[in-house]
Structure formats: C-alpha cells, structure tokens
Amino acid sequence: MNERIEKRRINFRYHDPEAEAVFLSGSFNGWNTEANPMKKNREGVWSAVVNLFPGIYEYRFIVDGLWKNDPACDQYYLNRYGDYNCVLMVP
C-alpha cells in the first residue's frame, strides 16, 4: 500500500492589537525570523497559514522584535537558551 502523506493547512494566530509587526518562527522554517510575516485583522488578531506534513514542530512568535510564546499552546519544550518553545503536533 503506497499511501501519500498530505500537508495540512495550519493557521497560527496571536492576539495583540498594539503590536506593530509579528512573525512566526519555528522548526518548520529553520527558525527564520522573517520567513513568515503575520497579518493583523481589525480585532488585533495576527495570523499566518503554513502547510505542514504530519509531525511535531516547535515554534514561537516574534512580536516587535521580542520572542513570545503562544498563549493558546499548552505544551512546551525547553530550548537551548533556557526558555521554552511552543510545541505543535500535526496529525
């Protein structure tokens, strides 16, 4: 059986009406701090869609130059800088 594994559309969201710029950075983009700029809606929710294969990924948001975790995330891994990365499991 040759099953083809499909990527899944994952919508990342971060609420901060006061932020000027938010980027999504994680293991899926080599921790590139500019690869995934997020767009803000009228309610101050920033979002970005990334297509990911099933697996486990780590990520954080960069809000006006500062690394921030996702308040909606409930699982974290300790990173090499003594801080925590959010963990996303894509089924």
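Where a number appears in this text, it was derived from the coordinates with a stated rule and is not lab data. Every value quoted in this text rests on a predicted model; they were computed, and no experiment measured them. Note that each Cβ is placed from the backbone with ideal geometry, even for glycine, and that neighbours are counted across all protein chains shown.
Within segment 24-36, track down each residue that is surrounded by 12 or more Cβ atoms within 10 Å (Cβ to Cβ) and either closer than 12 Å to Tyr14 by Cα or acidic (Asp, Glu) (or both).
Leu24
Which number in (1) exposed (fewer than 13 other Cβ atoms within 10 Å of the Cβ); (2) of a type in the set (Phe, Trp, Tyr); (3) touching a strand residue (DSSP E or B) at 6+ places or on another chain (Cβ under 8 Å) marks the one condition that Tyr81 misses?
(3)
Please list, ordered by first then second residue, the pairs with beta carbon atoms under 9 Å, 6 or more apart or interchain, first in segment 1-23 and under 22 Å from Ala72 (Cβ atoms) and in contact (Cβ under 8 Å) with a residue 60 or more places away in the chain, second among the aromatic types (Phe, Trp, Tyr) and surrounded by fewer than 17 Cβ atoms within 10 Å (Cβ to Cβ).
Matching pairs, first to second residue: Arg8/Phe53.
Consider only pairs whose beta carbons are under 8 Å apart and that are at least six residues apart or on different chains; among these, list those whose first residue lies in segment 40-60 and is free of Cβ contacts under 8 Å to residues at least 24 places away in the same chain and more than 15 Å from Ser27 (Cα to Cα) and whose second residue is in a strand (DSSP E or B) and not aromatic (Phe, Trp, Tyr).
Lys40/Val22; Asn41/Ser47
For the list (1) surrounded by 12 or more Cβ atoms within 10 Å (Cβ to Cβ); (2) assigned to a strand (DSSP E or B); (3) of a type outside the set (A, V, I, L, M), I need the number of the one condition that Asn51 fails.
For Asn51, the failing item is (1).
Across segment 54-76, what is the number of residues that are surrounded by 11 or more Cβ atoms within 10 Å (Cβ to Cβ) and either outside any loop (DSSP other than H, G, I, E, B) or touching a His at 6+ places or on another chain (Cβ under 6 Å) (or both)? Spell out how you get there, then give the answer.
To start, the set of residues in segment 54-76 that are surrounded by 11 or more Cβ atoms within 10 Å (Cβ to Cβ) comprises 54-64, 67-71, 73, 75-76.
Now drop any that are not either outside any loop (DSSP other than H, G, I, E, B) or touching a His at 6+ places or on another chain (Cβ under 6 Å) (or both), which leaves 55-63, 67-68, 76.
Qualifying residue count for the region: 12.
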